[in-house]
Amino acid sequence: MTQPPPPPLPSPPAAPGVQVRCAGCRMILTVAPGVTEFACPSCKLPQMLPPELMTMRNPPPTHQQQLKPAHGIDPTKIQLPCAHCKAILNVPHGLARFKCPQCDTDLAVDLSKLKNLLPPPPFPPPEEVNEMAIEVEREEDEGGLSGETFTDYRPPKLSIGPPHPDPIVETSSLSAVQPPEPTYNLKIKDSLEASKALSCLQIETLVYACQRHHQHLPSGTRAGFFVGDGAGVGKGRTMAGLIWENWQHGRRKALWISVGSDLKYDARRDLDDVGATCVEVHALNKLPYSKLDSKSVGVKEGVLFLTYSSLIASSEKGRSRLQQLVQWGGSGFDGLVIFDECHKAKNLIPEAGSQPTRTGEAVLDIQARLPEGRVVYCSATGASEPRNMGYMVRLGLWGTGTSFSDFREFLVALEKGGVGALELVAMDMKARGMYVCRTLSYKGAEFDIVEAPLEDNMMEMYKKAAEFWAELRVELLSASVLLNEEKPNSSQLWRVYWSSHQRFFRHMCMSAKVPAVVRLAKQALHENKCVVIGLQSTGEARTEEAVTKYGLELDDFISGPRELLLKFVEENYPLPEKPEPLTDTGEESVKELQRKRHSARPDVSLKGRVRKVAKWRPASDDESDDDMDSDSANDSNESDDEFQICDVCNMEEERKRLLRCSCCGKLIHSACVVPPVEDAVPEDWSCQSCKEKTEEYLQARQVYVQELLKRYEGAMERKMKILEVIRSLDLPNNPLDDIIDQLGGPDKVAEMTGRRGMLVRAANGRGVMYQARNTKDVTMEMVNMHEKQLFMDGKKLVAIISEAGSAGVSLQADRRAINQRRRVHLTLELPWSADRAIQQFGRTHRSNQASAPEYRLLFTNLGGERRFASIVAKRLETLGALTQGDRRAGPSLSAYNYDSTYGKKALMMMYRGIMEQDALPVVPPGCSPEEPDKIQNFILKAKAALVSVGIVRDTVLGNGKDNFKFSGRIIDSDMHDIGRFLNRLLGLPPEIQNRLFELFVSILDLTVQNARIEGHLDSGIVDIRANLIELQGTPKTVHVDQMSGASTVLFTFTLDRGIMWETASSLLDERQKDGVGSSSDGFYESKREWLGKRHYVLAFESSTSGMFKIVRPTVGESVREMPLSELKSKYRKLASLEKARSGWEDEYELSSKQCMHGPNCKLGSYCTVGRRLQEVNVLGGLILPVWGTIEKALAKQARQSHKRLRVVRIETTTDKQRIVGLFIPNSAVESVLQDLAWVQDIED
């Protein structure tokens, strides 16, 4: 080594020197002239310049000099010919540019083309992969365990009013956010404290709502408030309190918009309870469309109570209720506008392809027309999906002065951020003082998912029904082919077919659960509880149709599925048009046809229809000479009109002696006719050729009509046969009637549904009869309230509720009611949306109850029925997230959420596997990898099943060598459509249905598992756990919201995650003392070494048999449990405690300074994998205003899991300070701070 080399340069230097690639780290080095030996400044490897390059800086050689002695072939280099002199050169690996030592020509090597020829380079040695580090990194990416979902709630900054009568909770993520300081003083504070009409948390809502109403958004409109309290917290009374407070300030007009007009009585009761007896409530639906404050109507002040239906109503003269309300409020209206149960306005921004609802548009419109109105959104399920928040324009989350220019931009950001982002929105709103969301504690309420397997007879029934629908589809396809082209297109038929198909099998699923419902209900009654059964569809339409058709007295209950099928076939079976029969054959019909021809004129067609003809116009002066000629020709003809020429013999004859054909108008001598005509002829006489043509035509038409008739009768016969088959099918009865009958009839069961009549078993037990639900004493409007009272008084112990009949009804075990038995709430049929499911659960779980209900959610063991669970699970998950800041807040159905990005990906993989475009990623159920024939057989069955339910289209059955092979396609839009897959799946026989569903679920599990390994899985709020968590220094305020004063704050925490030897060994001792340990419990060391060291763990069996909990000295207890087989393959158990202790303590000590990748880790001090002591940065407080900035900073991160927004919850171990916010990786902190400072500067 003669002298140190200069540092490497990115581009060829101007100074003389040679560029070579280092043999160790492969870096390009510039070697000074004359230097032959050197060390790489990067990897310190001593090396020598290749001999070919040592002469490169000499002057250009002469011809004599070129003939240098050749070197031998160097096996460590590549042999390449020079492009100029063709000499074979030894070229070092990796060298791209050099001069030929023979002819001094500059040469370049295209390494990409040589890759196949080259032996692998001897350097660098393969990098050791530290499996343990990868394992720990995955565990860190998955995050900690999710903590307690709810915490008890009491107002953090107000202490007015008595405590709430029932335990109230808030999600722990929302509870980590503090609302702003209350600055508003209530006028009605003293009277409320005296009357104790409102609890402390209801008063808190009043204060924050009034405080928020004093603010204006950057757009100039008054800011609104969102009350997201759950069912039973007392939102109605809170609204009454708000009206009373505004009344005291002279704001005497208020609008209260709700879902049902009978809730007006509840509004009146709530106002009386808070002392506002002088405030009148006017029901808008009872008032005319004229001016409300006119003398004739006389509504000068008070509360106008209306429904969402009224809001979009208008009179025959075109005057709308909305105009009427705006006119009543006046131009500067600053009173309350309460949107009660505001989830009715959702779908303002619907899914692609559908239209916004009129209700959503009206809610938006009235807010725009009353810019100073004090808006309150009020609903337990106001934002079950971010899309449904479109009408909440007064919250100021998007628009002027925010990070999102409009709602669509806000929506895109939220959907990109996943559920974690939704959780942040709820927290943001609370921090800005525009949102409260407390819920009645679900403590004591039990949620149980009960699988009700199909009984044997039901299984057989279902199988036959599925086969029948498949046959019906084929029958409809062939019947459609016979239709004329002018028939409307068949897409309408298939729309009706698939919707009836879905309803039919949904009905079948409900009927399949009837035995389980009856069993669970009888068991609950036996245990001295009472039962509430929830369903969606009552089957009233089918029942009424059947009663109209068959009369009021029937042999048995109506079968809903049968009536649905009969109706579908009767109304939609494609029949060809029935032909009109020909009247009479023979002479008369010939004459009739000739008469029609005779009467046909330019303006009347052969069939007697009037033709459109050009309108006559008076001749103008500029008509051509041709016209004049023709006129004069006509004039001259008139004189010769009495003589005409016979069309047969061409002889001239007097006109009156010639016969005129009534069809073609020919003139013929009577003697020229064959046979000659001697008698007088009738007016409608026709010549021989016309007669022949007419008869031929009639005969042909007769044959054609016969053929059409035959086709029509054939189709009619097939339709009748299908109807016969439907009538002979064994199908279940209407579930609602069946349950009422099996639980003792209408005398024992209270029914709160929207139907008007029902079928009841006759007194003698023979047959059933239809009767109205109401009696002489009870009107139809009051029948549900009457039934509710009977249930609450304990006179009936079973209640059946549908959504239509139970809105706003309280059926809880109320302490004021006689019937205080515990409620067992069975859901026979889950609602289509989670917000409605929660509304249904809220009927039996409310304030002031003696006991919390037991919920039993029933599903059959049919794969397809999980479709309905899947929809609700998805909504419950996001509902919990949006309206409660924590998606685990709703009852857990997440195992049934298939309609997700992972579900769509899994579906596509399954379809591609079945269509044999790709290999299936998992072995199908009931098959094994050793039996490819079985797998092939399953694929064939699956393909046939998908064909039968219309997912695989354009199918062709092969022949020859492809005999019995299907070819077909699945259209792109179906490839990701989970809903369609699960809907259609229902129409398959149970065996193949369940096998297909199992295949889908196993592919889905694999997809989720892979996402978790790759760090893409969005697991919502994650708890960061450690033995010691301390706040480091003072939190930095990085952004302040101008309107609410809420700030965005960066917190830095120091964590010690390690476990000392003493703690670990005492953990093992305690388990052995308690006798719960297994023989495999103990300390283990890794079988492999990394960086000269082994890793140590403590393993003990968990509650799941065969799975072991892993505790590491560096990061404590792992989230993931390890199977025994994996544990034994990676680690060996230590017999010597001394060896375990020394290894444990070494690793514990070393992990305080470095990560598991060792001192040369690529990320350097930023890497936290397996590091015991680490810094964690969390951005808390307001996140939405700085959303874009953080997204940009995270996008630049190297580690995949650091690129996505992760919401974490962290609690200090000393003073229990809890922070929830965005996790900012250490390497991104500087970038975030720089960008935020820039944002601040711009705003300043």
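The values are calculated or read from the model by the stated rules, or taken from the named source; none is laboratory data. Predicted model only: the values in this text are computed from it and were never measured. Positions of Cβ are backbone-derived with ideal geometry, glycine not excepted, and every protein chain shown enters the neighbour counts. Ligands, DNA and RNA are excluded from the accessible area calculation, which covers all protein heavy atoms including side chains. Shrake-Rupley method; radii C 1.70, N 1.55, O 1.52, S 1.80 Å.
Per-residue SASA remark: Cys509, around 0 Å² accessible (1.4 Å probe; ligands, DNA and RNA not included).
Peptides 275-287, 1070-1082, 1179-1191 ranked from most to least packed, by the mean per-residue count of other Cβ atoms within 10 Å: 1179-1191, 275-287, 1070-1082. Legend: calculated FRET efficiency, Ser491 to Ala96, from the Cβ-Cβ distance at R0 = 60 Å, rounded to 0.05, equals 0.45. Taking the charge dipole of region 227-280 about its Cα centre, with +1 at Lys and Arg Cβ atoms and -1 at Asp and Glu Cβ atoms, the residue from Ala231, His249, Tyr265 reaching farthest to the positive side is His249. Summing charges over all other residues whose Cβ lies under 15 Å from the Cβ of Leu192, with Lys and Arg as +1 and Asp and Glu as -1, gives -3. For Leu858, the residues whose modelled amide H falls within less than 5 Å of its own, excluding neighbours fewer than 5 places apart on the same chain, are Val450, Thr827. Given R0 = 51 Å, the distance between the Cβ atoms of Asp1074 and Ala1195 translates into a calculated FRET efficiency of 0.55. Remark on Gly302: its backbone amide H falls under 5 Å from those of Lys253, Ala254, a criterion applied only to residues 5 or more positions apart or on other chains, H modelled at 1.01 Å from N. For the pair Glu372 and Lys187, label points projected 7 Å from Cα toward Cβ lie 1.6 nm apart.
Taking every C-alpha pair closer than 8 Å and separated by at least 6 residues, the mean separation divided by the residue count of region 202-271 gives a relative contact order of 30 percent. Hull volume per residue, based on the alpha-carbon atoms of region 1058-1162 and their convex hull, is 106 Å³. As a calculated quantity, the FRET efficiency between Tyr265 and Ser405 at R0 = 51 Å, using C-beta atoms, amounts to about 0.70.
Computed extension length for Thr1054-Ala944: 33.6 nm, one decimal, from 0.36 nm per residue of separation with the Cα-Cα distance subtracted.
Please identify which residues in region 522-552 have an amide N closer than 15 Å to a label point set 7 Å out from the Cα of Glu570, following the Cα→Cβ vector. 541-552, by backbone N distance to the label point. Accessible-area rank, largest first, for Tyr770, Tyr1131: Tyr770, Tyr1131, with all protein chains present and a 1.4 angstrom probe. Surface analysis of region 1141-1244 yields an accessible area of 46 Å² per residue, using protein heavy atoms and a 1.4 Å probe. Between Cys82 and Val299, the contour length at 0.36 nm per residue exceeds the Cα-Cα span by 67.8 nm. Remark: relative contact order (region 1123-1244) = 21 percent; criterion is Cα-Cα distance under 8 angstrom and separation of 6 or more residues. In this label model, Lys1093 and Leu709 are separated by 10.0 nm, measuring between points 7 Å along each Cα→Cβ vector. Per residue, the solvent-accessible area of region 659-728 (1.4 Å probe, heavy atoms of protein chains only, all protein chains present) comes to 68 Å². The convex hull of the Cα atoms of region 676-735, projected and averaged over all directions, covers 8.1 nm². Solvent-accessible area assigned to carbon and sulfur over region 389-482 amounts to 53 percent, based on a 1.4 Å probe. Among the protein heavy atoms of region 1030-1126, carbon and sulfur supply 50% of the accessible surface, probe 1.4 Å, non-protein parts ignored. Sorting the segments 79-86, 303-310, 1136-1143, 1223-1230 by their mean number of nearby beta carbons within 10 angstrom, highest to lowest, gives 303-310, 1223-1230, 1136-1143, 79-86. Normalised per residue, the accessible area of region 1079-1130 is 42 Å², obtained with a 1.4 Å probe and no contribution from ligands, DNA or RNA.
May I ask you to give the percent of accessible area on region 659-728 that is carbon plus sulfur, with a probe radius of 1.4 Å?
Answer for region 659-728: carbon and sulfur cover 53 percent of the accessible area.
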